[in-house]
Amino acid sequence: MSGLPVPGWAQRLAEDLGAGPHVVVTGISTSGHIHVGNLREVLVGEAVANALRARGEEVRFVFHADTIDPLRKIAPGIPESFEGFMGHSLSRVPDPEGCHPSYAEHFLAPLEEALLEMEMDIEVLRSHELYENGVYTEVTREALEHTEELREILQEVTGRRMPEHWSPYLPRDASGRLTGHRILEHVFEEHRVVFEKEEGFEEAADYSKGEGKLGWRVELAARWKALGITFEPFGKDHTSRGGSTDTADRMAREVFRYPVPGRYEYEWIGIKGRGDMSSSRGIVLLPKDLLEIMPPDALRWMVLGRDPTRRSDLELESGFPRFMDEYHVERGEPFVPFTHLVTVAQTVGNDADAGAEMLRRGGYEEAAEDREKLARDLAYASNWAEEWAPESMRLRLLTEEEAREAAEGLDDDQREYLAAVAENLSAEMGGDEVQDLLYSAAVERGFKPKKAFAAVYAVLLGRKSGPKAGPFVAGLPVEMVRERFSV
Ligand SMILES: [Zn+2]
C-alpha cells in the first residue's frame, strides 16, 4: 500500500461516489507491453480506492486484463509467423519468447511483478477466466437477447452502419478465431449459440464456458454489470465523442439497466525529450524499469503528478535528481541530495559500508545508519547513473596508470599543489575540512581555485570538473588519494 497521503482530487471523486460497497476497476489489453503510461490509469484507480477505504468503505480494486481479446496487431519485435494467430485469444497464443504460458501472460507478468513490488492492494483478473467461470454468462445472454437495441445504439452513437448480421457476441470457431459470424440460433437454457461458419456450415459455442466473448464496446458496459463496478478511470482516447464510453453509457442504461459508474478522465504521460509513450510506436518504458531507479512511492508520485487530468512529462534525465529531492521534501524526511548519492554510488560501487563511510565523512551521518536503506538508495542511484544520467554526471575513478598519464598533462605548479595537499590530508578529515584544505593550499600558491580543482579532477576522474571536491575526496580511501596526488 502507498504511504503517500490521498491526493485532493481522489478525495473529491470518492466523495461524489456515495455509499458502497465499491468496485474500482482498471483494465488494459495484454496485446503488447503494459507501459508506465498505462500505470497512470492503475494509480488513479488506486488513489480513489484508497480514498474510499480511508472513509471506511468496503472496496474491491480490480485490474481487468483483457486476455481473451483476439490478437489484432503484431506488437513490434514479434515474429511475422504470428500472423497465423490473428483472431485467436491472447490467452491461447504462444509466448513469442517462450518464457511464459501464453502471449497474454508474457506482457501481463512484468506488470503483475511491478504491482507486487509496489505492494498494491489489487486483484488481477484475467478475462478469459472470467468468461470460463461464468462471470459473463448472464450479461452475454442479455446482450444476445437485445441484439437489435445494441446495434441501434452503436449506429446512432458512432454514425457507422453495422453489418446486417452484426452480433454482440463473437463465438470462437473450430479454427480458434473469434469473429463476427452470423448467429442462427440462441438456445438460452443451454447458453449456446449456433452460428454460420460459412455458407452451409454450422458450428456452436457455449458462452458460459468461455467459447467466445462480447465485442469490446458491448463488453465494456456488460463488464460494469458483471463485476458490479462503481468507478472506472479512462484515457482520453475512450472518452472522445462517439467513443467507447459514449456507447457503453447508453448500453448500460438502456439495455443492461445498470447505473453508469463514476468516471475520471486522465491525460497521457510522456518522457521528457522522447515524446509520448506508446506500445505501437516502440517508445516503451515499463513500470519495473522505473522501480530500478526509485522507490514505489516516488514512482506513484511521479506518474500521477499533481493533477492526472493534465499531461505530464517524466523527468528521467538531468531533471531526475531534483525530482527525487523534491519527493523527499514532500514527505518531510531527511535525505541525501540525489546528486551526492550518485557520486557516492559511482565511487564505491555496491559496497554499502564504503558508501556509509563516504556519507559520514561528507556530513550525512544519519543516512549512513540504516545500511539496508542505504544499499537500496545506492542501487537506485547507480542504476540511474548507468541508464539515464547526462554525461556530465557519469563518473569513473581512474586507475593508477591512467592517473599517472593524466598527471603528465598538468603543469609543475599543479603537481606541487597536489603533493602539498597529499601531505596534509588525513583520514579523520570530513568533507568541509578537505574542502578547506584544497582551498587554502591553492591560495598559498597564488592559484585561482579553478586551476587547483582542475588538477584534482584530472588525476581522480580524468576530467576538468566534477562533484563538489571536498566531500568527494574525503569519501575516498586516503591512501589512494595520496598515491594519485603524489605523481
Ligand atoms: Zn514470456
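The values are calculated or read from the model by the stated rules, or taken from the named source; none is laboratory data. On a predicted model such as this, the values are computed, not experimentally measured, just so you know. Heads up, the Cβs are rebuilt from the backbone with ideal geometry, glycines too, and the neighbour counts pull from every protein chain shown. The accessibility values were calculated without ligands, DNA or RNA, using every heavy atom of the protein model including side chains. Shrake-Rupley method; radii C 1.70, N 1.55, O 1.52, S 1.80 Å.
Tally up the residues in the stretch 67-79 that are open to solvent by less than 20 Å² (accessible area, probe 1.4 Å) and either within 20 Å of LEU39 (Cβ to Cβ) or within 20 Å of the chain's Cα centre (by Cα) (or both), please. Quick ask: steps written out before the conclusion?
Initial filter on the stretch 67-79 (open to solvent by less than 20 Å² (accessible area, probe 1.4 Å)): 67-68, 70-71, 75.
Within this subset, residues satisfying the condition of being either within 20 Å of LEU39 (Cβ to Cβ) or within 20 Å of the chain's Cα centre (by Cα) (or both) are 67, 75.
Going through the stretch 67-79 one residue at a time, the tally reaches 2.
From the list ASP307, ASP313, ASP351, which one is under 20 Å from the mean Cα position of the chain (by Cα) and surrounded by fewer than 16 Cβ atoms within 10 Å (Cβ to Cβ)? Full working, then the answer.
Working: ASP313 fails: surrounded by fewer than 16 Cβ atoms within 10 Å (Cβ to Cβ); ASP351 fails: under 20 Å from the mean Cα position of the chain (by Cα).
None of the other options fit; the residue is ASP307.
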Candidates ILE68, ILE34, ILE74, filtered to the one that is free of Cβ contacts under 8 Å to residues at least 24 places away in the same chain and part of a loop (DSSP other than H, G, I, E, B): ILE74
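Provide a single number: the residues in the stretch 65-82 that are more than 13 Å from the ligand (Cβ to nearest atom) and closer than 25 Å to GLU41 by Cβ.
First, the residues of the stretch 65-82 that are more than 13 Å from the ligand (Cβ to nearest atom): 65-74, 76, 79-82.
Keeping just the survivors that are closer than 25 Å to GLU41 by Cβ gives 65-74, 76.
Selection size over the stretch 65-82: 11.
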Failed item in (1) crowded, with 17+ Cβ neighbours inside 10 Å; (2) over 21 Å from ARG126 (Cα atoms), with LYS236 passing the rest: (1)
Filter result (open to solvent by less than 50 Å² (accessible area, probe 1.4 Å) and either on the phi > 0 side of the Ramachandran plot or away from the ligand (no atom under 11 Å from the Cβ) (or both)) within the stretch 88-105: HIS88, SER89, LEU90, SER91, VAL93
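Kindly state which helices (runs of 4 or more DSSP H) lie completely within the stretch 97-163 and contain at least 2 residues that are more than 24 Å from ILE229 (Cα to Cα).
On the way: elements: 103-117, 127-132, 137-145, 147-158.
The qualifying helices (runs of 4 or more DSSP H) are 103-117, 147-158.
Please note which helices (runs of 4 or more DSSP H) are completely contained in the stretch 340-431 and include at least 1 residues that are touching a helix residue (DSSP H, G or I) at 6+ places or on another chain (Cβ under 9 Å) and among the aromatic types (Phe, Trp, Tyr).
Of the helices (runs of 4 or more DSSP H) lying wholly inside the stretch 340-431, those with at least 1 residues that are touching a helix residue (DSSP H, G or I) at 6+ places or on another chain (Cβ under 9 Å) and among the aromatic types (Phe, Trp, Tyr) span 371-387, 412-424.
Can you tell me which of LEU43, LEU4 is surrounded by fewer than 23 Cβ atoms within 10 Å (Cβ to Cβ) and either in a strand (DSSP E or B) or in contact (Cβ under 8 Å) with a residue 12 or more places away in the chain (or both)?
Result: LEU4 is the single residue among LEU43, LEU4 that is surrounded by fewer than 23 Cβ atoms within 10 Å (Cβ to Cβ) and either in a strand (DSSP E or B) or in contact (Cβ under 8 Å) with a residue 12 or more places away in the chain (or both).
If you check GLU254, GLU211, GLU232, GLU265, which single one turns out to be over 30 Å from ASP16 (Cα atoms) and of a type in the set (D, E, K, R)? Please lay out each step first, then the result.
On the way: GLU254 fails: over 30 Å from ASP16 (Cα atoms); GLU232 fails: over 30 Å from ASP16 (Cα atoms); GLU265 fails: over 30 Å from ASP16 (Cα atoms).
After applying the criteria, what remains is GLU211.
Kindly establish whether PHE85 is within 16 Å of the ligand (Cβ to nearest atom) and either free of Cβ contacts under 8 Å to residues at least 12 places away in the same chain or surrounded by fewer than 23 Cβ atoms within 10 Å (Cβ to Cβ) (or both).
Details: within 16 Å of the ligand (Cβ to nearest atom): yes; either free of Cβ contacts under 8 Å to residues at least 12 places away in the same chain or surrounded by fewer than 23 Cβ atoms within 10 Å (Cβ to Cβ) (or both): yes.
Spelling it out, PHE85 is indeed within 16 Å of the ligand (Cβ to nearest atom) and either free of Cβ contacts under 8 Å to residues at least 12 places away in the same chain or surrounded by fewer than 23 Cβ atoms within 10 Å (Cβ to Cβ) (or both).
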Hits in the stretch 106-148 - residues which are within 15 Å of the ligand (Cβ to nearest atom), free of Cβ contacts under 8 Å to residues at least 40 places away in the same chain and charged (D, E, K, R): GLU112
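Out of LEU214, LEU299, I need the residue that is surrounded by 16 or more Cβ atoms within 10 Å (Cβ to Cβ), at pLDDT 95 or above and either among the polar types (S, T, N, Q) or farther than 30 Å from PHE338 by Cα (or both). Which one?
Working: LEU299 fails: either among the polar types (S, T, N, Q) or farther than 30 Å from PHE338 by Cα (or both).
Answer to the selection: LEU214.
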Qualifying residue in the stretch 436-457 (condition: open to solvent by 20 Å² or more (accessible area, probe 1.4 Å), under 28 Å from LEU359 (Cβ atoms), polar (S, T, N, Q) and in contact with a helix residue (DSSP H, G or I) (Cβ under 7 Å, 6 or more places away or on another chain)): no
Residue match in the stretch 127-144 (condition: modelled with pLDDT of 95 or more, under 30 Å from LEU290 (Cα atoms), hydrophobic (A, V, I, L, M, F, W, C) and open to solvent by 40 Å² or more (accessible area, probe 1.4 Å)): no
Qualifying residue in the stretch 389-403 (condition: of a type in the set (Lys, Arg) and surrounded by fewer than 17 Cβ atoms within 10 Å (Cβ to Cβ)): yes
So GLU152, is it of a type in the set (D, E, K, R), touching a Gly at 6+ places or on another chain (Cβ under 8 Å) and either within 16 Å of the ligand (Cβ to nearest atom) or open to solvent by 30 Å² or more (accessible area, probe 1.4 Å) (or both): no
